[in-house]
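A.B. asks: One structure follows; several queries about it will come next.
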Amino acid sequence: MRMIDIIEKKRDGLELTKEEIYFAINGYTKGEIPDYQMSALAMAIYFQDMTTEERVHLTKAMVESGDQVDLSAIDGVKVDKHSTGGVGDTTTLVLAPLVASVGVPIAKMSGRGLGHTGGTVDKLESIQGFQVEIDSKEFIELVNKNKIAVVGQSGNLTPADKKLYALRDVTATVDSIPLIASSIMSKKIASGADAIVLDVKTGSGAFMKELEDAKELAHAMVQIGNGAGRKTVAVISDMNQPLGFAVGNALEVKEAIDTLKGEGPEDLYELCLTLGSRMVYLGKQAESIEQAREKLEEAIRSGKAIEKFKTFVAAQGGDPSVVEYPSKLPTASYTFEVKAKEDGVVSQIIADEIGIAASLLGAGRLTKESKIDLAVGLVLNKKIGDSVQKGESLVTIHSNREDVSEVVEKIENAYTISDQKVEKHPLIYEVID
Ligand code: URA
Ligand code: CA
């Protein structure tokens, strides 16, 4: 088999076989196929697309290019959740203990990553003593005992995706549905879950800004997951403004605690129940989505959900009393209010700008080496549709620096205040199952 023939076949719009796809991916991972041939193939895929079968083969070839996590020693149906990413997305911190509290095993492998704030692992490390570097034996024992554990990413998962994603980044081929969908799904499948719930975000703060693109990506990922034998469901949710109020690491932990107690922001609560009820249903802990939702609501009302959070934190060496004493979380030295300059209704909050403002404070990593300030971030006091009066606070800045002029400027650019009636975006656009 020759790579040039595979490139030519895809260039001409023909369907590649399983063998051809594996040949390309395996050869590329091993370094036998050079970057220039792989970029040509990626560009051919960009223009000619792939059938569902081709996408499934591509995903599986990437999964098989490296280590795969084996969760078979854990009892029950293991359900994982993935978000395509947004600003102030606190859902994992809420969902993991919430869903575990009704009996679904959550064996979560999570990253740090680059972004406006840290990843789930960074956020959890704002709890004094919390350990994510646990070995796989302990990880499995913890999930069997408590139904929940979170471990930092280790091992050599999907090396083909790492290499191909980096190549796509510099050859203008990131923006391709078959390539994005297979990239995301390969990582999820290699992480070992039996079933997957995807939160595909759309809007100004999302990777997929247009609803139509988000729908196409969601359908593509659901087809790949199901095609690879993992039951997959996608929820398309709004990211035209940050989710909840908090954007930051310790601030989001506090927000997750509030939500698990039933005292959190409405949008975060609703999205967690929408995603969570699908996880519980796929995890076979309820007979219908409605029953799953009732169980989750009851877990929050009765205190079972927040108790599960405490058990989880204590089991991984963290101080569970942060639940009663959130002031034990890292706190910033200064707070500043960004005030409205006129009366009206908030009509827009550009999520990306809020994210950049948070990262300017030090809440996120700009390079792999940079250190995160877990205490800093933003709390939104007004969201889209809220009325404001001149002088009222739009956002509270939590900073360890006294000069926040650049941050204030970003926040002022992010907010639009209108004197007209404002239509709110729906929170959930579609569920694909
Ligand atoms: N995120 C991924 O993991 N892969 C892509 O291709 C795009 C976004
Ligand atoms: Ca949030």
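The values are calculated or read from the model by the stated rules, or taken from the named source; none is laboratory data. A quick note: this is a predicted structure, and the numbers were derived from the prediction, not measured. Every residue, glycine among them, receives a Cβ derived from its backbone with ideal geometry; neighbour counts consider all protein chains shown. Please note that ligands, DNA and RNA were not included when accessible areas were found on the heavy atoms of the full protein model with its side chains. Shrake-Rupley method; radii C 1.70, N 1.55, O 1.52, S 1.80 Å.
A.B. asks: I need the P(r) histogram for segment 157-229: all alpha carbon pairs, bin width 5 Å from 0 out to the longest distance, whole percents.
C.D. replies: It works out to 3, 16, 25, 24, 22, 10, 1, in whole percents.
A.B. asks: Check ASP67: other-chain or 5+ apart residues with amide H under 5 Å from its amide H, H built from backbone geometry?
C.D. replies: Counting only residues 5 or more places away or on other chains, the set is ASN156, LEU157, THR158.
A.B. asks: Given a 1.4 Å probe and every protein chain left where it sits, what share in percent of the accessible area of segment 331-418 is carbon and sulfur? Please list the in-between numbers first.
C.D. replies: On the way: 1960 of 4290 Å².
The C+S portion of the solvent-accessible surface of segment 331-418 is 46 percent.
A.B. asks: What is the calculated FRET efficiency for GLU133 to ASP419, with r their C-beta to C-beta distance and R₀ = 51 Å, to the nearest 0.05?
C.D. replies: On the way: r = 53 Å, r/R0 = 1.04.
E(calc), rounded to 0.05, equals 0.45.
A.B. asks: Any idea of LYS254's accessible area? Nearest 10 Å², probe 1.4 Å.
C.D. replies: Approximately 80 Å² for this residue.
A.B. asks: Now a separate question. Hey, can you grab everything whose amide H is under 5 Å from the amide H of ALA246? Only 5+ residues off in sequence or another chain; H modelled, so Pro and N-termini drop out.
C.D. replies: LEU380
A.B. asks: With all pairs of different alpha carbon atoms counted, what Kirkwood hydrodynamic radius in Å does segment 252-378 show? Please list the in-between numbers first.
C.D. replies: Details: mean 1/r = 0.0572 Å⁻¹.
It works out to 17.5 Å.
A.B. asks: Next up: Leaving ligands and nucleic acids out of the surface, order ARG293, ARG55 by accessible area at 1.4 Å, largest first. Write out the running numbers ahead of the final one.
C.D. replies: Numbers: ARG293 65, ARG55 25 Å².
If we order ARG293, ARG55 from most to least accessible, we get ARG293, ARG55.
A.B. asks: Taking segment 331-418 as the region of interest, what is the percent of Cα-Cα pairs per 5 angstrom bin, listed from the shortest bin to the one with the maximum distance?
C.D. replies: That works out to 3, 16, 26, 23, 16, 10, 4, 2, 0, in percent per bin.
A.B. asks: Let me ask something else about it. Let me check something: with ligands and nucleic acids excluded, how do GLU430, GLU307, GLU263 order by accessible area (1.4 Å probe), largest to smallest?
C.D. replies: Putting GLU430, GLU307, GLU263 in descending order of accessible area: GLU263, GLU307, GLU430.
A.B. asks: Whenever you get a sec, line up PHE207, PHE336, PHE139 from highest to lowest accessible area (probe 1.4 Å, protein heavy atoms). Before the final figure, lay out each step's value.
C.D. replies: Numbers: PHE207 95, PHE336 60, PHE139 15 Å².
So, going from the largest accessible area down, we get PHE207, PHE336, PHE139.
A.B. asks: With only Lys, Arg, Asp and Glu charged, each at its Cβ (+1 for the first two, -1 for the last two), find how big the charge dipole of the chain is about the Cα centre; round to the nearest 20 debye.
C.D. replies: Details: 49 positive and 66 negative charges, 174 e Å.
Here the chain has a charge dipole of around 840 debye.
A.B. asks: Whole-Hz Karplus ³J(HN,Hα) for segment 318-333, in order, using 6.51 cos²θ - 1.76 cosθ + 1.60 and θ = phi - 60°, x for Gly and Pro?
C.D. replies: So the Karplus estimates, Gly and Pro as x, are x, 8, x, 6, 4, 5, 7, 10, x, 5, 6, 6, x, 10, 7, 6 Hz.
A.B. asks: Quick one: work out Rg over Rh on the C-alpha atoms of segment 1-152, Rh as Kirkwood radius. Walk me through the numbers on the way to the answer.
C.D. replies: Working: Rg = 20.0 Å, Rh = 18.4 Å.
Result for segment 1-152 is an Rg/Rh of 1.09.
A.B. asks: In units of 2.2 N^0.38 Å, what is the alpha-carbon radius of gyration of segment 79-325?
C.D. replies: Numbers: Rg = 17.2 Å, N = 247, 2.2 N^0.38 = 17.9 Å.
This ratio for segment 79-325 stands at 0.96.
A.B. asks: Another one. Using 0.36 nm times the number of residues separating VAL174 and GLN153, minus their current alpha carbon distance, what extension gain do you get? Can you show the working numbers first?
C.D. replies: Details: separation 21, 0.36 × 21 = 7.56 nm, distance 2.33 nm.
Fully extending the segment from VAL174 to GLN153 adds 5.2 nm.
A.B. asks: Next up: Name the long-range amide H neighbours of HIS82: under 5 Å, sequence gap of 5 or more, or other chain; modelled H, no Pro or chain starts.
C.D. replies: Distant-sequence amide H within range of HIS82: VAL197, LEU198, ASP199.
A.B. asks: Which whole-Hz couplings ³J(HN,Hα) result when phi for each residue of segment 285-298 is put into the Karplus expression 6.51 cos²θ - 1.76 cosθ + 1.60, θ = phi - 60°, listed in order with x for Gly and Pro?
C.D. replies: 9, 7, 8, 8, 4, 4, 5, 4, 5, 4, 4, 5, 4, 5
A.B. asks: Could you give the length gained by full extension between SER393 and LYS339, i.e. 0.36 nm per residue of separation minus their alpha carbon distance, to one decimal place? Working shown, then result.
C.D. replies: Numbers: separation 54, 0.36 × 54 = 19.44 nm, distance 0.43 nm.
This chain segment gains 19.0 nm when fully extended.
A.B. asks: Take the alpha carbon atoms of segment 186-341, find their radius of gyration, then divide it by 2.2 N^0.38 Å using N residues; give the quotient. Don't jump to the answer; show the numbers that get you there.
C.D. replies: Working: Rg = 17.9 Å, N = 156, 2.2 N^0.38 = 15.0 Å.
Its radius of gyration relative to the 2.2 N^0.38 Å reference: 1.19.
A.B. asks: Using +1 at the C-beta of Lys and Arg and -1 at the C-beta of Asp and Glu, which of PHE336, LEU14, GLY66 has the Cα lying farthest in the positive direction of the dipole of the chain?
C.D. replies: Value computed over the given set: GLY66.
A.B. asks: On full extension of the chain, what length is gained from GLU294 through ASP75, given 0.36 nm per residue of separation minus the C-alpha to C-alpha distance?
C.D. replies: Working: separation 219, 0.36 × 219 = 78.84 nm, distance 2.36 nm.
Extra length from GLU294 to ASP75 when fully extended: 76.5 nm.
A.B. asks: Further, regarding this structure: To the nearest 10 Å², what's MET43's accessible area with a 1.4 Å probe?
C.D. replies: Number for this one is 70 Å².
A.B. asks: Using each residue's phi in segment 92-97, evaluate 6.51 cos²θ - 1.76 cosθ + 1.60 at θ = phi - 60° and report the 3J(HN,Hα) Karplus result to the nearest Hz, with x for Gly and Pro.
C.D. replies: Once θ is set to phi - 60°, the couplings for segment 92-97 become 4, 4, 8, 5, 4, x Hz.
A.B. asks: Can you give the Rg to Rh ratio for the chain, taking only C-alpha atoms and Rh from Kirkwood? Don't skip to the end; give the middle numbers.
C.D. replies: Details: Rg = 22.0 Å, Rh = 22.5 Å.
Looking at the chain, the ratio lands at 0.98.
A.B. asks: In whole angstrom, note down how far apart the Cα centers of segment 120-170 and segment 226-251 are.
C.D. replies: 18 Å
A.B. asks: Skip the ligands, DNA and RNA, and give the accessible area per residue of the chain with a 1.4 Å probe, whole Å². Intermediate results must be reported in sequence, preceding the final value.
C.D. replies: Details: 18380 Å² over 433 residues.
That works out to 42 Å² for each residue.
A.B. asks: Looking only at the chain, where both bridge partners belong to it, what percent of the DSSP beta bridges are antiparallel (to the nearest 5)?
C.D. replies: On the way: 23 of 43 bridges.
Counting only bridges with both partners in the chain, antiparallel ones make up about 55 percent.
A.B. asks: In addition: Compute for segment 3-48: radius of gyration divided by Kirkwood radius, i.e. Rg/Rh, restricted to C-alpha atoms, rounded to two decimals.
C.D. replies: Details: Rg = 9.6 Å, Rh = 10.4 Å.
Checking Rg against Rh, the ratio lands at 0.93.
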